[in-house]
Amino acid sequence: MLTNYFPILVFIAIGIAVGGGLIIFSRLIAPNKPNAEKLSPYECGFPAFEDARLPFDVRYYLVAILFILFDLETAFFVPWAVVLHKIGLYGFLSMMVFLLILVVGFIYEWKKGALEWE
Amino acid sequence: MPVQVPDLTPAVPQIYVLIMTCVTLLVSLFASKKHSAWTYILSQLTLLGAIVLTLLYFHHKSQVTFHGNMIVDHVSMLLTIFICAITFFVLLYSRDYIKQHKMPNTEYHVLVLFSTLGMMILVSSYSFVSIYVGLELFTLPLYALIALRRDSAVYSEAAMKYFVMGAIASGMLLYGLSMIYGATGSVQIAEVVKVISALPSSQHLIILFGLVFVIAGVAFKLGAVPFHMWVPDVYDGSPNTVTLMIATGPKIAAFGLVIRLLAETMPDVQLAWSHALMLIAVLSIGLGNIVAIVQSNIKRMLAYSSIAQMGYMLLGVIAGTANGYAAAMFYVLIYSLMSLAAFGLVAMLSRDGIDIQHIEDLRGLNERNPWLAFMMLIVMFSMAGIPPLAGFMAKIGVLEAVIAVGHVWLAAVALLFAIVGAYYYIRVVKVMYFDDPLQSTRIDLPTGDMRVALTVNGLSVLALGIFPGILMSLCQAAF
């Protein structure tokens, strides 16, 4: 049983060896002469304009969540569409029920104003 | 080859609840503010309808549908009826609280209904996939319910704790199920049982490995030691009505999970899981009862008491006999009735700016409202297991079941801790009856229907103790 997994173990070992080896070799072989200018942060050659940690609008979060929710349905649609001619009326209606439930959620979010930016 | 259309008739209650929940959501979304009572009425109609539809189907024998993913038998139907009935009471008890505490009305009702739907699916699921779908559908709305008032730091903290711990538990459960799937090659319980019983016991190792994770996940959902840490924090940190919701229906659903995953899926490795559950049960009974003694917060005390009660319930499952499962089922149904009344009283008395938090808040309740104090007395005595109340019959059932399979020591330990546990239940009675009230003004429940409901609830605990026969024989007929 466990012998079936041996190739995976070998794969992990090779993966670690290649990934870690490159880092270690570049550390050992590459010349390393840092100075203050080299180590300072820059943005397209200029000194950095501002801190990278700036607050951003929490509404992006809401939009992102809604996007994921309605984007995932595509993941169900594609395989469904591919076999549509084989699964018959029952398969078709199952997806319509799924869509209907999704539409209820969509009406809710619209009515609640989640799609309004202001 | 077109897909076979499954027989939808056994699933009519679930389909009805789904449709009605969507209707409730849309109606209350478009109704004006002064029609907000419709949300409540539609929600209650949903639950009543589900009970009626299940009752109409009750005379049928067990039936598997949805290509072996769903089973409708007497276990699932009885649990469904109780889940819907208890949720009906939960919504009734919380109607005034959500108005007073300005919780969003639509969302509250719809989330409760979706959670109920998840529980209904969970108790009648017959494959690992539908079990998982049911489990997530019933827990996800609960996380949102706790955090419904997101301006409150306490509620957000409780929701966060519950969510993180719940996600870990679901992960463990899923990992265990994937191991069992790997060993048996099927997610359908009927198939898995066949494969496991055909396996020689030398090849049980991977199934036992998966079983450990399954037990961890299940014990978390039950809130049993050592996976109990979330219980007091979540009970304490949630709004009182949401605590009421979490402490009642989900316990019944978690019992369904235990029955489907352990009793029905793995009867052939019963010895292995009953040993693990034995440890969990003894620890839960011990720790729950001892730690509850030092609690001054009533919600935390009832939380530790629920840990202990789940330990007692597991005794019936450990026995592994049809009688044992029936006793465990009887226990969990009675427990949810008792905790419905206890948390319901706490939730309904929390009004006009007072939030009942501490046992001391109930001081002299007898002088302020004798009938409410009497109801609480029935529930507390019943939880302690004092005859002739329902809690006593439930405890006898599970103890009898473990003694019948020869675990006398287990019954002795359980009894010993029941005596320890009696202390903190009776202390509530002492505070209500023998301590002087801080204020002498009369307090009462908000409306008449709530008074009637709490009376029915409290007296049912008494009635089921005197006449346990009907419910007991229903439980026994289910296995």
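The values are calculated or read from the model by the stated rules, or taken from the named source; none is laboratory data. Keep in mind it's a predicted model, so treat the numbers as computed, not measured. Note that we place each Cβ from the backbone using ideal geometry, even for glycine, and neighbour counts take in every protein chain shown.
Could you tell me which of the residues A:PHE70, A:PHE106 is within 14 Å of chain B (Cβ to nearest Cβ), in contact (Cβ under 8 Å) with a residue 24 or more places away in the chain and either of a type outside the set (A, V, I, L, M) or touching a helix residue (DSSP H, G or I) at 6+ places or on another chain (Cβ under 6 Å) (or both)?
Of the residues listed, the single one that is within 14 Å of chain B (Cβ to nearest Cβ), in contact (Cβ under 8 Å) with a residue 24 or more places away in the chain and either of a type outside the set (A, V, I, L, M) or touching a helix residue (DSSP H, G or I) at 6+ places or on another chain (Cβ under 6 Å) (or both) is A:PHE106.
Filter region B:362-375 down to residues that are out of contact with any Ser or Thr (no Cβ under 9 Å at 6 or more places or on another chain) and either surrounded by fewer than 22 Cβ atoms within 10 Å (Cβ to Cβ) or free of Cβ contacts under 8 Å to residues at least 12 places away in the same chain (or both), then give me how many there are.
At the first step, the residues of region B:362-375 found to be out of contact with any Ser or Thr (no Cβ under 9 Å at 6 or more places or on another chain) are B:362-363, B:365-366, B:369-370, B:372-374.
Going one step further and asking which of them are either surrounded by fewer than 22 Cβ atoms within 10 Å (Cβ to Cβ) or free of Cβ contacts under 8 Å to residues at least 12 places away in the same chain (or both), we end up with B:363, B:366, B:369-370, B:373-374.
Of the residues in region B:362-375, 6 are out of contact with any Ser or Thr (no Cβ under 9 Å at 6 or more places or on another chain) and either surrounded by fewer than 22 Cβ atoms within 10 Å (Cβ to Cβ) or free of Cβ contacts under 8 Å to residues at least 12 places away in the same chain (or both).
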Residue check: is A:TYR42 more than 14 Å from chain B (Cβ to nearest Cβ) and of a type in the set (Ser, Thr, Tyr)? yes
Which count do you get for residues in region B:272-300 that are hydroxyl-bearing (Ser, Thr, Tyr) and more than 14 Å from B:LEU415 (Cα to Cα)? 2
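Any idea how many residues of region B:360-400 are under 30 Å from B:GLY320 (Cβ atoms) and not β-branched (Val, Ile, Thr)? Outline the logic, then answer.
Looking only at region B:360-400, we keep the residues that are under 30 Å from B:GLY320 (Cβ atoms), and these are B:382-400.
Restricting the remaining residues to those that are not β-branched (Val, Ile, Thr) gives B:382-385, B:387-395, B:397, B:399-400.
Final tally of qualifying residues: 16.
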Determine whether region A:46-56 contains at least one residue that is within 21 Å of the chain's Cα centre (by Cα), without any contact (Cβ under 8 Å) to a residue 12 or more places away in the chain and within 14 Å of chain B (Cβ to nearest Cβ). no
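Could you tell me whether region B:141-161 includes any residue that is within 23 Å of B:LYS251 (Cα to Cα) and charged (D, E, K, R)?
Of region B:141-161, the ones within 23 Å of B:LYS251 (Cα to Cα) are B:141-148, B:155-161.
After this cut, where a residue has to be charged (D, E, K, R) as well, the list is B:157, B:161.
Within region B:141-161, one or more residues are within 23 Å of B:LYS251 (Cα to Cα) and charged (D, E, K, R).
Within the bounds of region B:242-254, is there any residue that is more than 14 Å from the chain's Cα centre (by Cα) and either within 18 Å of B:GLY166 (Cβ to Cβ) or not polar (S, T, N, Q) (or both)? Write out each step before concluding.
Of the residues in region B:242-254, the ones more than 14 Å from the chain's Cα centre (by Cα) are none.
No: region B:242-254 contains no residue that is more than 14 Å from the chain's Cα centre (by Cα) and either within 18 Å of B:GLY166 (Cβ to Cβ) or not polar (S, T, N, Q) (or both).
Of the residues B:LEU18, B:LEU25, B:LEU53, which single one is under 30 Å from B:VAL456 (Cα atoms), more than 14 Å from chain A (Cβ to nearest Cβ) and out of contact with any strand residue (DSSP E or B) (no Cβ under 6 Å at 6 or more places or on another chain)? Even if it seems obvious, please write down each step before you answer.
Details: B:LEU18 fails: more than 14 Å from chain A (Cβ to nearest Cβ); B:LEU25 fails: more than 14 Å from chain A (Cβ to nearest Cβ).
B:LEU53 is the lone residue from the list that is under 30 Å from B:VAL456 (Cα atoms), more than 14 Å from chain A (Cβ to nearest Cβ) and out of contact with any strand residue (DSSP E or B) (no Cβ under 6 Å at 6 or more places or on another chain).
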Which condition breaks for B:LEU117 when tested against (1) under 15 Å from the mean Cα position of the chain (by Cα); (2) surrounded by fewer than 17 Cβ atoms within 10 Å (Cβ to Cβ)? (2)
I'm told B:HIS35 meets every condition in (1) at pLDDT 95 or above; (2) over 18 Å from B:LEU122 (Cβ atoms) except one. Can you identify the failing condition by its number? (1)
B:SER336: passes all of (1) within 16 Å of the chain's Cα centre (by Cα); (2) surrounded by fewer than 20 Cβ atoms within 10 Å (Cβ to Cβ) but (2)
Counting only residues that are within 14 Å of chain A (Cβ to nearest Cβ) and in a helix (DSSP H, G or I), how many does region B:166-207 have? 9
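A quick yes/no check of all residues on (1) hydrophobic (A, V, I, L, M, F, W, C); (2) within 30 Å of B:ALA183 (Cβ to Cβ); (3) out of contact with any strand residue (DSSP E or B) (no Cβ under 7 Å at 6 or more places or on another chain):
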residue	(1), (2), (3)
A:LEU2	yes, yes, yes
A:ILE8	yes, yes, yes
A:LYS33	no, no, yes
A:LEU62	yes, no, yes
A:ASP71	no, no, yes
A:PHE76	yes, yes, yes
A:SER94	no, no, yes
Of residues in region A:109-118 being exposed (fewer than 14 other Cβ atoms within 10 Å of the Cβ) and part of a helix (DSSP H, G or I), the one nearest to the other protein chains (Cβ to nearest Cβ): A:LYS111
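I need a count of the residues in region B:5-15 that are in contact with a strand residue (DSSP E or B) (Cβ under 7 Å, 6 or more places away or on another chain) and either away from chain A (no Cβ under 13 Å) or touching a residue at least 60 places away in the same chain (Cβ under 8 Å) (or both).
Applying the first criterion (in contact with a strand residue (DSSP E or B) (Cβ under 7 Å, 6 or more places away or on another chain)) to region B:5-15 yields B:6-7, B:10-11.
Restricting the remaining residues to those that are either away from chain A (no Cβ under 13 Å) or touching a residue at least 60 places away in the same chain (Cβ under 8 Å) (or both) gives B:6, B:10-11.
Total satisfying the criteria: 3.
Being more than 18 Å from the chain's Cα centre (by Cα), assigned to a helix (DSSP H, G or I) and without any contact (Cβ under 8 Å) to a residue 60 or more places away in the chain, is that true of even one residue in region B:214-235?
Step one: of region B:214-235, the residues more than 18 Å from the chain's Cα centre (by Cα) are B:214, B:226.
Remaining after also requiring assigned to a helix (DSSP H, G or I): B:214.
Applying the additional criterion that residues be without any contact (Cβ under 8 Å) to a residue 60 or more places away in the chain yields B:214.
Yes: region B:214-235 contains one or more residues that are more than 18 Å from the chain's Cα centre (by Cα), assigned to a helix (DSSP H, G or I) and without any contact (Cβ under 8 Å) to a residue 60 or more places away in the chain.
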